[in-house]
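Shown next, in structure tokens, is the structure this report addresses.
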Amino acid sequence: MKTELATVANQYAQAILELAFKQGGEPLADKVLSELTAINKIILHTPDMETVLQHPAIESKKKRQLLTNTFETIVADLTIRVLELLLDKRRLNLLPQIETAYHHMLNEKKNIVSASLTCADKLDDAAIANIKARLTEHLGKRLELDVKVDPSLIGGVVLRLGDQVIDGSIKGKLQSLERVLMSV
């Protein structure tokens, strides 16, 4: 169940995506995503900036000046206008959720599926390419694959594709066996 803030973030993300495609097509939409990601990282890794932007006693005018001075020359006009709108509506705190929702919506529009592959050992590039090619063929869509290593899996892989989880790890098999034995 979505929270009210998640719903609001989705509405902003949808509006930003529509504007990006209307103003500059897919290249601008991709640029806005990378800019939102970069801005979120900058704010997250600059605690003073985050404090200033969230502080209720600091005037909106000063916050706008900070955002403009920091980002105006390096991001698209649309992205600056989004930041100013969020500032005016006191919704800057939603920027991370907006970025996430925007990313999902953009991937959906571009027919891209995001997946996460966690393996016990580091896979070589050929193995990753093989897995990616097989999944792409099976899904009929382009695939954005995030590969992680988790030695606690002991062996095998865990694939997360949207809400679906395919656990082919030894750890998962042992846990499943444990549940079966405990139920006897």
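State whether the residues of the range 36-52 include one that is out of contact with any Lys or Arg (no Cβ under 7 Å at 6 or more places or on another chain), over 18 Å from Pro96 (Cβ atoms) and in contact (Cβ under 8 Å) with a residue 12 or more places away in the chain.
No: the range 36-52 contains no residue that is out of contact with any Lys or Arg (no Cβ under 7 Å at 6 or more places or on another chain), over 18 Å from Pro96 (Cβ atoms) and in contact (Cβ under 8 Å) with a residue 12 or more places away in the chain.
Could you check, for the range 105-116, whether at least one of its residues is surrounded by fewer than 18 Cβ atoms within 10 Å (Cβ to Cβ) and in contact with a Ser or Thr (Cβ under 7 Å, 6 or more places away or on another chain)?
yes
Could you tell me whether any residue of the range 21-30 is under 15 Å from Leu92 (Cβ atoms), at pLDDT 90 or above and either surrounded by 13 or more Cβ atoms within 10 Å (Cβ to Cβ) or within 20 Å of the chain's Cα centre (by Cα) (or both)?
no
Looking only at residues that are under 30 Å from Lys110 (Cα atoms) and of a type in the set (Gly, Ala, Ser) in the range 150-184, which one is surrounded by the fewest Cβ atoms within 10 Å (Cβ to Cβ)?
Gly162
Would you pick out the residues in the range 27-64 that are of a type in the set (Lys, Arg) and under 28 Å from Lys109 (Cα atoms)?
Lys31, Lys41
Output yes when any residue across the range 108-115 is touching a His at 6+ places or on another chain (Cβ under 8 Å), within 21 Å of Asn10 (Cβ to Cβ) and not aliphatic (A, V, I, L, M), and no when none is.
Yes, that holds for at least one residue.
Just a yes or no: is a residue in the range 157-165 in contact (Cβ under 8 Å) with a residue 24 or more places away in the chain, in contact with a Lys or Arg (Cβ under 9 Å, 6 or more places away or on another chain) and under 10 Å from Leu117 (Cα atoms)?
yes
In the range 46-87, which residue that is exposed (fewer than 12 other Cβ atoms within 10 Å of the Cβ) and of a type in the set (Ser, Thr, Tyr) is nearest to Leu17 (Cα to Cα)?
Looking at residues that are exposed (fewer than 12 other Cβ atoms within 10 Å of the Cβ) and of a type in the set (Ser, Thr, Tyr), I get Thr73.
Before we move on, is Ile43 closer than 26 Å to Ala13 by Cα, among the aliphatic types (A, V, I, L, M) and surrounded by fewer than 14 Cβ atoms within 10 Å (Cβ to Cβ)?
On the way: closer than 26 Å to Ala13 by Cα: yes; among the aliphatic types (A, V, I, L, M): yes; surrounded by fewer than 14 Cβ atoms within 10 Å (Cβ to Cβ): no.
It is false that Ile43 is closer than 26 Å to Ala13 by Cα, among the aliphatic types (A, V, I, L, M) and surrounded by fewer than 14 Cβ atoms within 10 Å (Cβ to Cβ).
For Val147, which of the numbered conditions (1) within 22 Å of Ile170 (Cα to Cα); (2) surrounded by fewer than 14 Cβ atoms within 10 Å (Cβ to Cβ); (3) touching a residue at least 12 places away in the same chain (Cβ under 8 Å) fails to hold?
Checking Val147 against (1) within 22 Å of Ile170 (Cα to Cα); (2) surrounded by fewer than 14 Cβ atoms within 10 Å (Cβ to Cβ); (3) touching a residue at least 12 places away in the same chain (Cβ under 8 Å), the one that fails is (2).
When both residues are 6+ apart or on different chains and their Cβ atoms are under 8 Å apart, which pairs have a first residue that lies in the range 103-122 and is in contact (Cβ under 8 Å) with a residue 40 or more places away in the chain, and a second that is aromatic (Phe, Trp, Tyr)?
Close Cβ pairs satisfying both conditions: Lys109/Phe21.
The values are calculated or read from the model by the stated rules, or taken from the named source; none is laboratory data. Because the structure is a prediction, the values reported are computed rather than measured. Counting neighbours? That spans all protein chains shown, and the Cβs are built from the backbone with ideal geometry, glycine included.
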